[in-house]
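**Q** Let me begin by handing over the structure; questions about it come next.
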Amino acid sequence: MGEGATGLLPLASLPPTPDPACRTVPPRTARLLIAASAAVLIAVLGAALWWPRGEQRADLVRVAPVVPSTMATTTTTVPPPTAAPTTTTTTAPPMAPGRLRIPAIGVDAPIVPVGLNPDGSMEVPPATEVGWYEPGVRPASPAGSSVLAAHVDYAGQRGAFFDLRSLPEGSEVLVSDEAGTVHRFVVDARLQVDKDELPIDELFRVDGPPSLTLITCGGAFDRGARHYEDNIVVRASPAAA
């Protein structure tokens, strides 16, 4: 997500919605297309503030992994119940996410639920917010990939995910839900890939091992098309208890 673009990445069929997206249409009838950035063009002066020599590139940065053992172990801000929990045969669904913190790159931003624009692209909030794809998986779900997306830059501002490309493996990612419970994840994969070559089915899967997927734009900025050519994707798994 950057200045003036309309597509972040092409996404596969994800019930119960159609698509978010880029310029490429996936082979399925019901597809998801994620927005790469706002419809508002970043001012040239604003862009120059963030990108050295006016290049305006957002490439994945090679960084050494973080040693997980150095991270904090606090996983909740909610006090334990004073009475024994009632036994039940059903499990309540996890609560919606409310805030994202990534200490290693200074991210502390509200999470807002997003859906689809009229053109089938995924909505993306302003620079200081992170969008959670609400029709998909919640971050604390026992299975599937929960997707959070944010801008790398927007309307002359650094986006919430401006430094996502420099987040090392082993870093902690903290998602607070609406009740204040903090769900902790650890980064285990990071990649930069052309928007047309993203592993769509894997990024937005609704089953399999639980994971958190963070997405923003990357690579070179195409001023003619007004979008970045690549995506930066960071994957994180739930931290061990």
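The values are calculated or read from the model by the stated rules, or taken from the named source; none is laboratory data. A quick note: this is a predicted structure, and the numbers were derived from the prediction, not measured. A quick note on method: Cβ atoms are made from the backbone with ideal geometry, for glycine too, and the neighbour counts reach across all protein chains shown.
**Q** Go through the residues of segment 227-236 one by one and say whether even a single one is part of a strand (DSSP E or B), more than 18 Å from R138 (Cβ to Cβ), touching a residue at least 12 places away in the same chain (Cβ under 8 Å) and aromatic (F, W, Y).
**A** yes
**Q** For segment 205-234, enumerate the residues that are closer than 20 Å to A160 by Cβ, in contact with a Gly (Cβ under 8 Å, 6 or more places away or on another chain) and of a type in the set (A, V, I, L, M, F, W, C).
**A** Within segment 205-234, C217, F221, I232 meet the criteria.
**Q** Okay, next question. Condition first: in a strand (DSSP E or B) and either touching a Pro at 6+ places or on another chain (Cβ under 9 Å) or within 19 Å of E134 (Cα to Cα) (or both). Now tell me which residues in segment 196-226 satisfy that.
**A** Residues of segment 196-226 in a strand (DSSP E or B): 211-222.
The answer is S211, L212, T213, L214, I215, T216.
**Q** Which condition number in (1) touching a strand residue (DSSP E or B) at 6+ places or on another chain (Cβ under 8 Å); (2) closer than 15 Å to A236 by Cα is the one that S166 fails?
**A** (1)
**Q** Which pairs turn up if I take residues in segment 153-167 that are at negative phi and look for partners that are acidic (D, E) and crowded, with 24+ Cβ neighbours inside 10 Å with beta carbon separation below 9 Å, at least 6 apart in sequence or on another chain?
**A** Hits for this filter: D153/E3; Y154/E3; G159/D153; F162/D153.
**Q** Can you go through R165, R190, R158 and tell me which one is over 14 Å from the mean Cα position of the chain (by Cα) and of a type in the set (K, R)? Write out each step before concluding.
**A** Working: R165 fails: over 14 Å from the mean Cα position of the chain (by Cα); R190 fails: over 14 Å from the mean Cα position of the chain (by Cα).
The unique qualifying residue is R158.
**Q** Would you say A109 is buried (at least 17 other Cβ atoms within 10 Å of the Cβ), modelled with pLDDT of 95 or more, more than 17 Å from V187 (Cα to Cα) and not basic (K, R)?
**A** Working: buried (at least 17 other Cβ atoms within 10 Å of the Cβ): yes; modelled with pLDDT of 95 or more: yes; more than 17 Å from V187 (Cα to Cα): yes; not basic (K, R): yes.
Against the criterion (buried (at least 17 other Cβ atoms within 10 Å of the Cβ), modelled with pLDDT of 95 or more, more than 17 Å from V187 (Cα to Cα) and not basic (K, R)), A109 qualifies.
**Q** Now a separate question. What are the residues in segment 103-122 that are assigned to a loop (DSSP other than H, G, I, E, B) and either free of Cβ contacts under 8 Å to residues at least 24 places away in the same chain or of a type outside the set (G, A, S) (or both), if any?
**A** Initial filter on segment 103-122 (assigned to a loop (DSSP other than H, G, I, E, B)): 106, 115, 117-120.
Correct list: N117, P118, D119.
**Q** Select from segment 123-165 the residues that are part of a loop (DSSP other than H, G, I, E, B) and among the β-branched types (V, I, T) and write down the one among them that is surrounded by the fewest Cβ atoms within 10 Å (Cβ to Cβ). Please lay out each step first, then the result.
**A** Applying the first criterion (part of a loop (DSSP other than H, G, I, E, B)) to segment 123-165 yields 123-129, 134-144, 150-152, 155-156, 159-163.
Retained after the next criterion (residues that are among the β-branched types (V, I, T)): 124, 128, 137, 152.
Details: V124: 30, T128: 15, V137: 25, V152: 29.
Residue satisfying both the conditions and the ranking: T128.
**Q** Quick check: is even one residue across segment 178-195 closer than 21 Å to A109 by Cβ, part of a strand (DSSP E or B), in contact (Cβ under 8 Å) with a residue 60 or more places away in the chain and of a type in the set (D, E)?
**A** For segment 178-195, residues closer than 21 Å to A109 by Cβ, part of a strand (DSSP E or B), in contact (Cβ under 8 Å) with a residue 60 or more places away in the chain and of a type in the set (D, E): absent.
**Q** Sticking with this structure for a sec: Give segment 200-226 a look and list any residue that's closer than 18 Å to E169 by Cβ and free of Cβ contacts under 8 Å to residues at least 60 places away in the same chain, or say none.
**A** E202
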